[in-house]
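The values are calculated or read from the model by the stated rules, or taken from the named source; none is laboratory data. Note that the coordinates shown come from a computational prediction; the quantities given were computed from them, not determined experimentally. We place every Cβ from the backbone using ideal geometry, glycine too, and count neighbours over all the protein chains shown. SASA here: full protein model, heavy atoms, side chains in, ligands and nucleic acids out. Shrake-Rupley method; radii C 1.70, N 1.55, O 1.52, S 1.80 Å.
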Number of protein chains: 2
Amino acid sequence: MAEKNITPLAFRQLIREGKFTEPTSGYCPGFAQANLIILPKEEAYDFLLFAQRNPKACPLLEVTDVGERLTKYVAKDCDIATDFPKYWIYRDGVKTEEVTDISSYWQDDFVAFVIGCSFSFESEMIDAGIEIRHNTMGCNVPMYITNIDCVPAGRFSGKMVVSMRPIPSNQLVKTVTVTAALPKVHGSPIHIGDPKEIGITDVAHPDFGDPVEIRPGETTVFWPCGVTPQSIVMNVKPKLAITHAPGHMLVTDVKNVDLKE
Amino acid sequence: MAEKNITPLAFRQLIREGKFTEPTSGYCPGFAQANLIILPKEEAYDFLLFAQRNPKACPLLEVTDVGERLTKYVAKDCDIATDFPKYWIYRDGVKTEEVTDISSYWQDDFVAFVIGCSFSFESEMIDAGIEIRHNTMGCNVPMYITNIDCVPAGRFSGKMVVSMRPIPSNQLVKTVTVTAALPKVHGSPIHIGDPKEIGITDVAHPDFGDPVEIRPGETTVFWPCGVTPQSIVMNVKPKLAITHAPGHMLVTDVKNVDLKE
């Protein structure tokens, strides 16, 4: 365990030492958190183009130089291979391993895509008086594969993944305005209301993360999610891809306020 | 000549037929205008990464599929090779030709980067009661190569190009807020005030476009400019690059209002 108000650097250090392997929602409030997908250079152009064409699902915070493990822009002393609490290894589109360190998997041709995460704006929502249910329940955010097609790019195509937060009806407007101000960490919701309209048949059984309680008078609100690359990888089956484990994010040194224009 | 309120499609048709070859500022108000750089596929990854790392200078509106002349996202019936009023051909970093049609230059390995242009937000500024000097003078916007380093990516590096508009002091705040709302067409200014602070020694002699009158009580305001790729090309000297001629933009079907979050 760690103090919620720990600095990003100290938090990454704990994670690097293997002392924290849990979901990161609620930690280091005010700092942007990030998703990950790593691909070999030969796949990187198509994925970079995919991210450009799908900026709400895949807002890029940093793309590393080929083979470079250390980030240059989102954080100092930050190692892509050790500073996420948990990683998933995908081979031919199938998750084969879950590990807390990918140093032994590292290849000289790897490119890491560091993608904004909606955990980032949760502290702004809390400041605005909005309860974050998975946070108060102490579990991971529920995530779902939708029927929304991403815009294809090269070999990459597939369905968008979304995160869900139940919001009281009288806070929906505030929820939109607070999150819309931060497009680099997904920004405004993609859908407010009936989950079936975006192909989610059972909110009680998310594809990733944990289910959360939805109380009377609350509306389900959905944001594009940086786990979308996992859905894409499952669809197009590249030989090798490494992602973070959903909910187990990198905490960057970038303040949310600096992601505003 | 053309009516200023012509539709984007009709305007592109005129341009395609060679009947309009002038700067496009003021045409089709409310629709996003776009810069261009075309590079062979082997250079495209580095440039795509460059744009990702320099989003204020190079906000991407569309990146075409390899070899594809028609745009898919920013406009219908829109041919990259004919629908800009004027193009510049760069060979080894030197501008060698100016043409109004690049059909005969087209290669199967070309990738076109369609980049947001600050002409887009001029109609919003005019609606807000702000005079656009180059517009009222009937000339091109002044553009300058600054001393601001872009963030390098692969082989691409160099100085940022900016556009300048003189603004009365009592309209500076409005100028920032109106333009900040449109980050996909450069957004907020990069500098307000003394041109020397960003390495511009003589505002009367722009590097691209035309000089404009600066009246007493007006402050020079600078925006990152989509001519930046020209400065980069002049610096890193790729074998072949094709750009639009500064000020001679593509008018897209995308409404500015749809570029807001």
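Quick look at the numbers
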item: Filter result (free of Cβ contacts under 8 Å to residues at least 12 places away in the same chain, over 18 Å from A:Trp223 (Cβ atoms) and open to solvent by 60 Å² or more (accessible area, probe 1.4 Å)) within region A:96-135; result: A:Thr96, A:Ser104
item: Some residue of region B:228-241 being at positive phi, among the charged types (D, E, K, R) and open to solvent by 20 Å² or more (accessible area, probe 1.4 Å); result: yes
item: Residue under evaluation B:Gly67, criteria (1) at positive phi; (2) in contact with a Gly (Cβ under 8 Å, 6 or more places away or on another chain), criterion not met; result: (2)
item: 1 or more residues aliphatic (A, V, I, L, M) and within 14 Å of another protein chain (Cβ to nearest Cβ): qualifying strands (runs of 3 or more DSSP E) within region A:65-117; result: A:110-116
item: Failed item, numbered, when B:Met164 is tested on (1) touching a residue at least 24 places away in the same chain (Cβ under 8 Å); (2) within 14 Å of chain A (Cβ to nearest Cβ); result: (2)
item: Residue check, A:Val212 of a type in the set (A, V, I, L, M, F, W, C), more than 27 Å from A:Asp46 (Cα to Cα) and modelled with pLDDT of 95 or more; result: yes
item: Qualifying residue in region A:47-57 (condition: open to solvent by 10 Å² or more (accessible area, probe 1.4 Å) and farther than 28 Å from A:Val178 by Cβ); result: no
item: Test: residue in region B:32-53 that is modelled with pLDDT of 95 or more and assigned to a loop (DSSP other than H, G, I, E, B); result: no
item: Filter result (surrounded by fewer than 16 Cβ atoms within 10 Å (Cβ to Cβ) and not acidic (Asp, Glu)) within region A:193-213; result: A:Gly193, A:Lys196, A:Gly199, A:Thr201, A:Ala204, A:His205
item: Total residues in region A:42-59, condition facing another protein chain (nearest Cβ under 8 Å) and among the basic types (Lys, Arg); result: 1
item: Of all residues in region B:145-161 being crowded, with 17+ Cβ neighbours inside 10 Å and more than 14 Å from chain A (Cβ to nearest Cβ), the one that is nearest to A:Thr64 (Cα to Cα); result: B:Gly158
item: Elements of type strands (runs of 3 or more DSSP E) in region B:169-259, at least 3 residues being β-branched (Val, Ile, Thr); result: B:218-224, B:250-255
item: Checklist (1) outside any strand (DSSP E or B); (2) within 14 Å of chain A (Cβ to nearest Cβ) applied to B:Glu62, failing item; result: (1)
item: Total residues in region B:176-220, condition touching a helix residue (DSSP H, G or I) at 6+ places or on another chain (Cβ under 6 Å) and within 14 Å of chain A (Cβ to nearest Cβ); result: 8
item: Residues satisfying the stated conditions in region B:51-78, i.e. of a type in the set (Asp, Glu) and in contact with a strand residue (DSSP E or B) (Cβ under 6 Å, 6 or more places away or on another chain); result: B:Glu62
item: Which listed residue, of A:Val178, A:Val173, is open to solvent by 60 Å² or more (accessible area, probe 1.4 Å) and of a type in the set (A, V, I, L, M); result: A:Val173
item: Residue match in region B:131-145 (condition: assigned to a helix (DSSP H, G or I) and farther than 21 Å from B:Pro246 by Cβ); result: no
item: From the options A:His248, A:His186, residue that is surrounded by 22 or more Cβ atoms within 10 Å (Cβ to Cβ), closer than 22 Å to A:Cys28 by Cβ and either hydroxyl-bearing (Ser, Thr, Tyr) or out of contact with any Asp or Glu (no Cβ under 8 Å at 6 or more places or on another chain) (or both); result: A:His186
item: Matching residues, region A:58-85, being open to solvent by 20 Å² or more (accessible area, probe 1.4 Å) and among the hydroxyl-bearing types (Ser, Thr, Tyr); result: A:Tyr73
item: Subset of region B:1-26 (residues that are among the polar types (S, T, N, Q), out of contact with any Pro (no Cβ under 6 Å at 6 or more places or on another chain) and either assigned to a helix (DSSP H, G or I) or surrounded by 13 or more Cβ atoms within 10 Å (Cβ to Cβ) (or both)); result: B:Thr7, B:Gln13, B:Thr24, B:Ser25
item: In region A:149-188, the residues that are in contact with a Gly (Cβ under 7 Å, 6 or more places away or on another chain) and either aliphatic (A, V, I, L, M) or more than 29 Å from A:Phe47 (Cα to Cα) (or both); result: A:Pro168, A:Ser169, A:Ala180, A:Val185
item: Selection status of A:Met160, at pLDDT 95 or above, closer than 22 Å to A:Gly129 by Cβ and in a strand (DSSP E or B); result: no
